Amino acid sequence: MASPAAHRVSYYYDTDVGNFYYAQGHPMKPYRVRMTHNLLLSYGMLDRMDILAPPRASERDMTRFHADEYINFLKTITPEIALEGQPFLRRFNVQDDCPVFDGLWDFCQIAAGGSLAAAARLNSGAAEVAINWAGGLHHAKKAEASGFCYINDCVLAILELLKTHARVLYVDIDIHHGDGVEEAFYSTDRVMTASFHKFGDYFPGTGAVGDVGVGRGRAYSINFPLKDGIDDDSYATIFEPVMSRIMEWYRPGAVVLQCGADSLAGDRLGCFNLSLRGHAACVDFFVARDVPLLLLGGGGYTIRNVARCWSYETSRVLGMELPDDMPITENFEFYGPDFRLHIQPSNAYNHNTPESLHATTGAILDVLRNLPS
Ligand code: ZL4
Ligand code: CA
Ligand code: ZN
């Protein structure tokens, strides 16, 4: 397949992001963002885009969505204070999945600052595609941490894009439901959200096909619930028709794509069976449509594959072909024993039948038919 045309790309990266550490045994590893950066460097991609260090998001930036008291708490909490048994830890759900760790506030500022700056860059017209692999933390709520996410950088970026665009489309291919973003825009037609996710006895438990928004936002939230084992071909048969219809009807001024890599085959927490090509086909879809595009990270817990995935997706927007033989890079040993870019899907059973996928697609297209044109 021919590469899409090269785009003007701005890439946001803070050299400190890889130093943060959630907790021993915790699956979320910010180090994967540094691994991605090193792979971009080794593949020669950094010369082909604007590399920008994001300004750290301020308290004021964050309270455009989050509650003041929650932000104050995040700013002041430390592991030492947490040890004394702080009552606010439970209230704000900063425990277990979302632990207090050293530098938590700085980490939040970096992740959110990257997505905000990337959105502003698209608004200015200086970039056609902007990337923040440290972002995509889609579960965070107005006044509550959730699912490894403290600040919802996706929501903050969308609010920024709404300054210059009448309509913004948010698409979420992380294996988990993009509940925090959906909730933030559930009653408005200025943001359409679409999440594809595993549904049924799986975190966070929301995102049924019948959850379509309320009031003015009715039909502007789209949910595609899925079962284990979905492969590239099955994913393409649902993504293409649903997204084509949304693009045609909604005509967004900008698109935010949350590229959570936990939907790949072999993920430590996920149970889908996508290859890099199947995952990146979702990026290609929007690159081919020439719409201002913000690419965010998200989940991804087999970190060698996260770096592979986001590097490959960066190459897709740059219109570069990458050799499958990986270049010598920092942490080269992580990529053994094969040292190939592409990953092999497994022989896992696909619990999504053509009939079930067709039925869900039909239910979603029916909802979209009721959108005013
Ligand atoms: C872990 O080993 O399903 C956290 C989380 C920490 C180390 C220390 C153990 C301490 C797996 C997960 C006990 C932690 C108990 N450690 C966590 C219902 C749960 C209640 C909390 O990709 N326990 C909650 C969240 C999901 C639940 C998924 C995806 C984020 C994203 C965007 C978030 N929470 C059960 C878990 C471990 C841990 C091992 C874990 N947590 C797996 N799945 C969850 O969508 C970034
Ligand atoms: Ca999702
Ligand atoms: Zn996820």
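The values are calculated or read from the model by the stated rules, or taken from the named source; none is laboratory data. Note that the structure is predicted; figures quoted are calculated from it, not measured. All Cβ positions, glycine included, derive from the backbone under ideal geometry; neighbour counts span all protein chains shown. Accessible surface areas use protein heavy atoms only, side chains included; no ligands, DNA or RNA. Shrake-Rupley method; radii C 1.70, N 1.55, O 1.52, S 1.80 Å.
Quick notes on this one:
- Of the residues making up segment 280-302, just one is under 16 Å from the mean Cα position of the chain (by Cα), small (G, A, S) and either surrounded by fewer than 19 Cβ atoms within 10 Å (Cβ to Cβ) or over 23 Å from A134 (Cβ atoms) (or both), namely A281.
- Each residue in segment 192-238 was checked for being away from ligand 1 (no atom under 16 Å from the Cβ) and aromatic (F, W, Y), and 2 pass.
- Apart from one condition, A194 fits all of (1) out of contact with any Lys or Arg (no Cβ under 7 Å at 6 or more places or on another chain); (2) more than 18 Å from F20 (Cβ to Cβ); (3) away from ligand 3 (no atom under 16 Å from the Cβ); (4) not in a helix (DSSP H, G or I); the exception is (3).
- Of all residues in segment 348-361, those being within 26 Å of the chain's Cα centre (by Cα) and either over 15 Å from S234 (Cβ atoms) or open to solvent by 70 Å² or more (accessible area, probe 1.4 Å) (or both) number 3.
- Scanning segment 85-115 for residues that are touching a strand residue (DSSP E or B) at 6+ places or on another chain (Cβ under 9 Å), open to solvent by 10 Å² or more (accessible area, probe 1.4 Å) and more than 16 Å from ligand 3 (Cβ to nearest atom) gives R91, N93.
- Residue in segment 223-240 that is charged (D, E, K, R), over 29 Å from I343 (Cβ atoms) and in contact (Cβ under 8 Å) with a residue 12 or more places away in the chain present: no
- Test: residue in segment 320-342 that is within 21 Å of I131 (Cα to Cα), in contact with a Ser or Thr (Cβ under 9 Å, 6 or more places away or on another chain), in contact (Cβ under 8 Å) with a residue 40 or more places away in the chain and open to solvent by 30 Å² or more (accessible area, probe 1.4 Å): yes
- D172, sole failed condition from (1) within 16 Å of ligand 3 (Cβ to nearest atom); (2) in contact with a Pro (Cβ under 7 Å, 6 or more places away or on another chain): (2)
- Spans of helices (runs of 4 or more DSSP H) in segment 18-91 with at least 3 residues in contact (Cβ under 8 Å) with a residue 60 or more places away in the chain: 31-42, 68-76
- The set of residues from segment 235-279 being crowded, with 22+ Cβ neighbours inside 10 Å, in a helix (DSSP H, G or I) and in contact with a His (Cβ under 9 Å, 6 or more places away or on another chain) comprises Y235, A261, D262, S263, L276.
- Of residues in segment 53-77 being surrounded by 15 or more Cβ atoms within 10 Å (Cβ to Cβ) and small (G, A, S), the one farthest from S10 (Cα to Cα): A67
- Filter result for T188 (of a type in the set (V, I, T), away from ligand 1 (no atom under 16 Å from the Cβ), open to solvent by 30 Å² or more (accessible area, probe 1.4 Å) and more than 30 Å from L357 (Cβ to Cβ)): no
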